[in-house]
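Novice: Quick one: this structure, given as C-alpha cells, is what I'll be asking you about.
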Amino acid sequence: MSETILKTEKLIKIYSMGKRKVSALSGVDLNVNKGEFIAIMGPSGSGKTTLLNVLGCLDTPTSGTMILNAKDVTKLPEKKLCEIRRQDIGFIFQTFNLLPYLSAVENVELPMESTNRPKDERRKRARELLGTVGLSGREEHRPHRLSAGEQQRVAIARALANDPALILADEPTGNLDTENKYEIVRLLGRLNIDRGTTIVMVTHDSQVASHTERILYLNDGRITREKQGTHLMKKKLMCPHCGSKIQLSDARCPSCRKRL
Amino acid sequence: MGALTRAVRNVSRRKMRALLVIIALGFSMAIMISIPAGIVANQEATQTLATNFNSTMTNMQLEINKTSTLIECRTSSGSGFSPSGQPDRPGFGSQQSEVFENETIIEEILSIEGVKDVVPYLEKASNETTTEIITGPGGREFTITRSIYTIEGVCLNSKFIHDYSILPTNMTSGRNLREGDSGVVLLSSNLTSYYGMKVNESVDINGEPFIVIGVYEPSGQARMQMRVAIMNLSEAQTVTGLTGKVSRLDVYANSTSYVDEIADVIKAAYTNLTVTTYKDRLQNLENMQTMYTQTVSNAQTTLSQTQSLATQEILIAVAATSLIVLFVMLYTVRERTKEIGTLKAIGFSGWNVMSQFVLEGILISFIAGVVGIAIGSVGAPFLSSLLLPHVSLFGGSQSDRFRPSGLGTTGIAESQATTAATLDPQLILLAFGASILLGALGSLYPAWRASRIRPAEAMRYE
C-alpha cells in the first residue's frame, strides 16, 4: 500500500466578487501517493490554478480538509503555512519567476536561506541541483542570459532546493517551444523516477499530460474523470508505445523511434 | 546570498529611482546640517558682540570719569573716510569738508576765565586708502576702507606730557617722544608691520626724513586699530602742509564748575568747533549704549525668529523626504508584487519580506547620508545664508569719539557680515542617524504592505 502524501476531501473554494460568489472549487477529493507524477487537466476557468494554489498553501480553502505529509493544513495560520511552503513544497511556475538580479545559483539558493544550513553547504547544494537539471557551467548566469528552457530548469532546481515532499508545477511547459517542452517533462519524469519526487502538474496540454502517471480532469471545480498516463511504463523502463526496453535518458524509443 | 546583497543589487538596478531618493534625502540632510551650523555661528557672534559691548562701555565710562575737566574741541578734520579733494601737499589733501583752526585760537581760549590749559593736536589722515577684510566676532568678516595711516602732531611740552598723558604709554620698542624731539616719529606697531619698518630706521614722510624713535601698541580691539605716526606738532604741520593749523584742542578747566561756562563761551565764539564736555560724553555714551542694546536686542529677536524658521524648514525637509521615500518605496512594492509572491511561495515569511524592503530603504538613506554630508560640508555656508535670514549685528559704524586721546581717527566705511557656518561632528552624526531613520520610517509602511500581500494574489499580479 503506497503512502499518501496529499489528501483532500470536499475541498471548496468560493471567491467573493462584491455581492457575487464565484465557486472556483466545488468539492475536490484528491489522493496523491508518495512518488506519484500526476497531471491535472481542464479547460480555462475549471479551477486548475486555484486548486494548485490551495494545494500549495498559497491560498486557504473555504471549506473541506487537506492533509499534506500527514499534517492537516486546512486551518493553519499564515506563519505555519509559510513554514510548510518552505519545507514541504516546491513550486514551478509557467513564467519561471526567477529573480532577475540574482544568478542561477543564487536563485536556487534562495529557498534555503531561511533554513539552518550553513552558507557553504547551501551554495554546494545549489550547484549540485543545477548539475542535476543539466546546467553545470551556467551557475553564474543571470536569468536574462539563459534560454526559456534553461530558466525553467533553474526554477526546477530551485523547487528541489529544500528537498520537498511535493512539487507543484503550474503549466511548467506553457512558455516553452516543443523541444524544450518535452525536455522539461522528461526532466520532471526523470526526477520522479530517480529521486522519488512526488509531482503534481497542472497543464492544458494533453501531450504533456500523457507523459505523467495519472491524469485528472477538472471541470467546474470538480474532478470529473481520471486516466492512466504513460509514465508508469517508463518507470518500468519500457516504451509505452511498443513495450521495448528503454533507458531513462532516451528521448525517443530505440525501437519504434516514438518520443518518450 | 544575504538580504543585504539582494538589497544592494535591487538598489543598483534601479539607478534613476535610487538617485532621486538619494538626492532628495541628501539635500534634506545637508539642510539639517547647515541650518543648525548657521544658527550656532550667529548665536556665537551675537554673544561675543554683547560681551564686547559691555566691556567697551565699562572702559569708556572709566575714561570719561577720568576726564571730567576736559572740554574737547574738534574741527571736522582728520577723518579716515574716503579722502578726496585737492591736496596742498602730496599725500595729504585738504578735504573740502575739512576745517582747521589757526593756532592763535589757543591764546584766545586760554584767556577765558577758568581755563587751566589748552593742548593742541593736528590729526590728518593720508589720502592713500586701503580696503581690508578683517575677521570679527564669531568668524564674521568685514570689509573696511580706511586711510593707510594718520599723522598726529602733538605739542611736546613736558608739562602736557606729564599732566595730560598726551602720548601713548604702552611702548613695545625704542623710546617715547619727549620735549625737544625733532626729526623723529613714534609709530604704532600695526603701521611698522604694514610697511615693515623698525626702530632707528629712517622713513620719508612727504619728502621729510624722520627717524623711527619708538613703536607703541595701540589700544582698543586689535582688528579696529588705526595706523598712526606721532610727531612734534610743528613738524606735523610742515609735513601735512598745514602750517600754523590745529585740528583739535583739549581744553582743561581749573575745576568742573567752570566746564559748562567755558564750553558755552567756546561754542559761541568758534562755530567751526565741535565742543564736547563730560556731560556730552556721558550723554553720547548713553546714546551709544541704547543703540548697541537695541542692535543686540534686534539681533537676538532675529535669531529667535531664525530658530523658529529653521525648525519649520527642517520639518518641511523631513516631511518632504519621508513622503518621497514613502512613495518611491510604495511604487517599488507595487512593481515587485510578483517577486514578493514568488518569495512567499518559496518560503519567505512576511517578516523576511518586510525586512528586505526596510533594508533597501536604509541602504538608500545610508548612501544619501554620505551624499548629504558631502553637500553639507561644501555648501553649509551657502545653504545657511540662503535659508536663514541675515542677522544684522552692526547697525552702523562705531563712534571713535571717546577713544583714549591722541590716536587719530578712523571709521568703518563699509561693513558687511557673512556667517561662517562650521560643521559640528556631533551634528553630522545626528543628521546621518536622522537620514537612516527617515529611510527606515519611509520604507516601513510600504514594507509592511509588502509583507501583508497574500501570496496567491501576488502571483496573479501582472
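Novice: Identify all residues within region B:405-429 that are of a type in the set (A, V, I, L, M, F, W, C), modelled with pLDDT under 85 and either part of a helix (DSSP H, G or I) or touching an Asp or Glu at 6+ places or on another chain (Cβ under 6 Å) (or both); write none if there are none. Let's see the steps before the verdict.
Specialist: Step one: filter region B:405-429 for residues of a type in the set (A, V, I, L, M, F, W, C), giving B:407, B:412-413, B:417, B:420-421, B:423, B:427-429.
Now narrow it down to the ones that are modelled with pLDDT under 85: B:407, B:412-413, B:417, B:420-421, B:423, B:427-428.
Within region B:405-429, B:L427, B:I428 meet the criteria.
Novice: Pairs under 6 Å by beta carbon, first residue within 14 Å of another protein chain (Cβ to nearest Cβ) and surrounded by fewer than 17 Cβ atoms within 10 Å (Cβ to Cβ) in region A:47-76, partner assigned to a strand (DSSP E or B) and of a type outside the set (D, E, K, R), six or more apart or different chains?
Specialist: Here the result reads A:T62/A:I12; A:T62/A:I14, each pair linking region A:47-76 to a residue that is assigned to a strand (DSSP E or B) and of a type outside the set (D, E, K, R).
Novice: Select from region A:141-153 the residues that are outside any helix (DSSP H, G or I) and either among the aliphatic types (A, V, I, L, M) or within 13 Å of another protein chain (Cβ to nearest Cβ) (or both) and list them in ascending order.
Specialist: Pass one, region A:141-153, residues outside any helix (DSSP H, G or I): A:141-142, A:146-147.
If the condition is that a residue be outside any helix (DSSP H, G or I) and either among the aliphatic types (A, V, I, L, M) or within 13 Å of another protein chain (Cβ to nearest Cβ) (or both), then A:R142, A:L146 are the ones that fit.
Novice: Still on this structure, please answer the following. Go through (1) over 24 Å from A:C82 (Cα atoms); (2) part of a helix (DSSP H, G or I) one by one and return the number of the condition A:S136 breaks.
Specialist: (2)
Novice: Looking at region A:91-104, can you tell me whether even one residue there is under 24 Å from A:V200 (Cβ atoms), touching a residue at least 24 places away in the same chain (Cβ under 8 Å) and part of a helix (DSSP H, G or I)?
Specialist: No, the conditions are met nowhere in region A:91-104.
Novice: I want to confirm something. Restricting to region B:1-13 and keeping residues that are within 20 Å of B:I324 (Cβ to Cβ) and touching an Asp or Glu at 6+ places or on another chain (Cβ under 9 Å), which single residue is nearest to the other protein chains (Cβ to nearest Cβ)?
Specialist: We begin by selecting, within region B:1-13, every residue within 20 Å of B:I324 (Cβ to Cβ); these are B:7, B:10-13.
Subsequent filtering for residues that are touching an Asp or Glu at 6+ places or on another chain (Cβ under 9 Å) retains B:7, B:10-11.
On the way: B:A7: 10, B:N10: 6, B:V11: 10 Å.
Among those residues, the one meeting the criterion is B:N10.
Novice: Applying the selection to region A:77-95, what residues are surrounded by fewer than 22 Cβ atoms within 10 Å (Cβ to Cβ) and closer than 20 Å to A:A148 by Cβ?
Specialist: Those that are surrounded by fewer than 22 Cβ atoms within 10 Å (Cβ to Cβ) and closer than 20 Å to A:A148 by Cβ: A:Q94, A:T95.
Novice: Follow-up. Can you tell me which of (1) more than 9 Å from chain B (Cβ to nearest Cβ); (2) out of contact with any Asp or Glu (no Cβ under 9 Å at 6 or more places or on another chain); (3) surrounded by 16 or more Cβ atoms within 10 Å (Cβ to Cβ) is the one A:A104 doesn't meet?
Specialist: Failing condition for A:A104: (2).
Novice: Related question: Given the criteria under 30 Å from B:A3 (Cβ atoms) and not polar (S, T, N, Q), does B:A263 qualify? I'd like the intermediate steps shown before the answer.
Specialist: Working: under 30 Å from B:A3 (Cβ atoms): no; not polar (S, T, N, Q): yes.
Judged against the criteria, B:A263 is not a match.
Novice: Would you tally the residues in region B:19-71 being of a type in the set (D, E) and not assigned by TED's automatic domain parsing to the domain that holds B:L386? First the steps, then the outcome.
Specialist: First pass over region B:19-71, keeping only residues of a type in the set (D, E): B:44, B:63.
With the extra rule that they be not assigned by TED's automatic domain parsing to the domain that holds B:L386, the set shrinks to B:63.
Looking only at that region, the number is 1.
Novice: Could I ask something else about it? Filter region A:154-175 for residues that are surrounded by fewer than 22 Cβ atoms within 10 Å (Cβ to Cβ), more than 13 Å from chain B (Cβ to nearest Cβ) and over 22 Å from A:N69 (Cβ atoms) and give the result.
Specialist: If the condition is that a residue be surrounded by fewer than 22 Cβ atoms within 10 Å (Cβ to Cβ), more than 13 Å from chain B (Cβ to nearest Cβ) and over 22 Å from A:N69 (Cβ atoms), then A:G174, A:N175 are the ones that fit.
Novice: Sticking with this one: Would you please name the residue that is farthest from the chain's Cα centre (by Cα), looking only at residues in region A:105-133 that are assigned to a loop (DSSP other than H, G, I, E, B) and free of Cβ contacts under 8 Å to residues at least 40 places away in the same chain?
Specialist: From region A:105-133, those assigned to a loop (DSSP other than H, G, I, E, B) are A:113-118, A:133; that's our starting set.
Filter once more, so that each one left must be free of Cβ contacts under 8 Å to residues at least 40 places away in the same chain: A:113-114, A:116-118.
Numbers: A:E113: 21, A:S114: 21, A:N116: 25, A:R117: 24, A:P118: 27 Å.
Only one residue tops the list, namely A:P118.
Novice: Still on this structure: Being in contact with a strand residue (DSSP E or B) (Cβ under 6 Å, 6 or more places away or on another chain) and part of a helix (DSSP H, G or I) is the filter here; which residues of region B:250-265 pass it?
Specialist: Residues satisfying the conditions are B:V259, B:I262, B:A263.
Novice: While we're here: Which of (1) crowded, with 22+ Cβ neighbours inside 10 Å; (2) at pLDDT 85 or above does B:E108 not meet, given it meets every other one?
Specialist: So B:E108 meets the others, but not (1).
Novice: When you look at A:N97, is it polar (S, T, N, Q) and more than 14 Å from chain B (Cβ to nearest Cβ), yes or no? Give the steps one after another, and end with the answer.
Specialist: Details: polar (S, T, N, Q): yes; more than 14 Å from chain B (Cβ to nearest Cβ): no.
When the stated conditions are applied, A:N97 does not pass them.
Novice: Looking only at helices (runs of 4 or more DSSP H) that lie completely in region B:274-390, which have at least 2 residues being among the hydrophobic types (A, V, I, L, M, F, W, C), more than 14 Å from every other protein chain (Cβ to nearest Cβ) and touching a residue at least 60 places away in the same chain (Cβ under 8 Å)?
Specialist: Helices (runs of 4 or more DSSP H) meeting the threshold: B:278-335, B:350-387.
Novice: Would you point out which residue out of B:P87, B:P36, B:P120 is modelled with pLDDT of 85 or more and either surrounded by fewer than 20 Cβ atoms within 10 Å (Cβ to Cβ) or not charged (D, E, K, R) (or both)?
Specialist: Going through B:P87, B:P36, B:P120 in turn, just one is modelled with pLDDT of 85 or more and either surrounded by fewer than 20 Cβ atoms within 10 Å (Cβ to Cβ) or not charged (D, E, K, R) (or both): B:P120.
Novice: Based on what the data block shows, is A:L11 out of contact with any Ser or Thr (no Cβ under 7 Å at 6 or more places or on another chain) and either hydroxyl-bearing (S, T, Y) or crowded, with 22+ Cβ neighbours inside 10 Å (or both)?
Specialist: Numbers: out of contact with any Ser or Thr (no Cβ under 7 Å at 6 or more places or on another chain): yes; either hydroxyl-bearing (S, T, Y) or crowded, with 22+ Cβ neighbours inside 10 Å (or both): yes.
When the stated conditions are applied, A:L11 passes them.
Novice: Hey, among the residues in region A:116-150 that are loosely packed, with under 14 Cβ neighbours inside 10 Å and of a type in the set (S, T, Y), which one's farthest from A:G174 (Cα to Cα)?
Specialist: Looking at residues that are loosely packed, with under 14 Cβ neighbours inside 10 Å and of a type in the set (S, T, Y), I get A:S136.
Novice: What are the residues in region A:185-244 that are on the phi > 0 side of the Ramachandran plot and touching a residue at least 24 places away in the same chain (Cβ under 8 Å), if any?
Specialist: Start the filter on region A:185-244 by keeping residues that are on the phi > 0 side of the Ramachandran plot, which leaves A:196, A:220-221, A:237, A:243.
A:G196, A:D220, A:G221, listed by residue number.
Novice: Do you know which of the residues in region A:224-238 that are in contact with a helix residue (DSSP H, G or I) (Cβ under 7 Å, 6 or more places away or on another chain) and buried (at least 17 other Cβ atoms within 10 Å of the Cβ) is modelled with the lowest pLDDT? Let's see the steps before the verdict.
Specialist: First pass over region A:224-238, keeping only residues in contact with a helix residue (DSSP H, G or I) (Cβ under 7 Å, 6 or more places away or on another chain): A:229, A:231, A:234-235.
Keeping just the survivors that are buried (at least 17 other Cβ atoms within 10 Å of the Cβ) gives A:229, A:231, A:234.
On the way: A:G229: 84, A:H231: 77, A:K234: 72.
Among those residues, the one meeting the criterion is A:K234.
Novice: So A:S16 fits all but one of (1) part of a strand (DSSP E or B); (2) touching a residue at least 24 places away in the same chain (Cβ under 8 Å); what number is the exception?
Specialist: It is condition (2) that A:S16 fails.
The values are calculated or read from the model by the stated rules, or taken from the named source; none is laboratory data. Just so you know, these numbers come straight off a predicted model, no measurement behind them. Here Cβ is always computed from backbone atoms with ideal geometry, including for glycine, and neighbour counts include all displayed protein chains.
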